Amino acid sequence: MPIRCLAFWLLAALAPTAVAEPSASQGRQLYTSYCARCHGVNMVNTGASFDLRSFPKDQRERFERSVTQGLRAMPAWGTTFQPDELQALWLYVSSGGGS
């Protein structure tokens, strides 16, 4: 019995772990850490920057370009975000702030 148990734990440790799909919930966490300072807590804008709740839902590429390259007062975040993190941010922003 102990050998079977050891074999089970060894196989479990070596098995590839599942990678979570990007989600609006993950995007909300990233937004809170990186974006809320300028764009408002929970995307409730104070008028100091672009209101992301009005960002066109069909313009994901524009969103990603604005985040990575910057636009007007928006700083360029460059490679700060991995592709899955950018997707998660987009999921949150395109949800209008609901996750």
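Give the accessible surface of the range 30-99 per residue, rounded to a whole number of Å², with probe radius 1.4 Å and ligands, DNA and RNA excluded.
Working: 4250 Å² over 70 residues.
Averaged over the residues of the range 30-99, the accessible area is 61 Å².
Stretched out fully, how many nm does the piece from M74 to S25 gain, at 0.36 nm a residue minus the Cα gap? Intermediate results must be reported in sequence, preceding the final value.
Numbers: separation 49, 0.36 × 49 = 17.64 nm, distance 2.31 nm.
Gain on stretching M74 to S25: 15.3 nm.
Subtracting the Cα-Cα distance of T32 and R60 from their residue separation scaled by 0.36 nm leaves 8.1 nm. Measuring r between the beta carbons of S95 and A48 and using R0 = 22 Å, the FRET efficiency lands at 0.50.
The values are calculated or read from the model by the stated rules, or taken from the named source; none is laboratory data. Not measured: the values here are computed from a predicted model. A quick note on method: Cβ atoms are made from the backbone with ideal geometry, for glycine too, and the neighbour counts reach across all protein chains shown. Note: areas computed on protein heavy atoms with side chains; ligands, DNA, RNA excluded. Shrake-Rupley method; radii C 1.70, N 1.55, O 1.52, S 1.80 Å.
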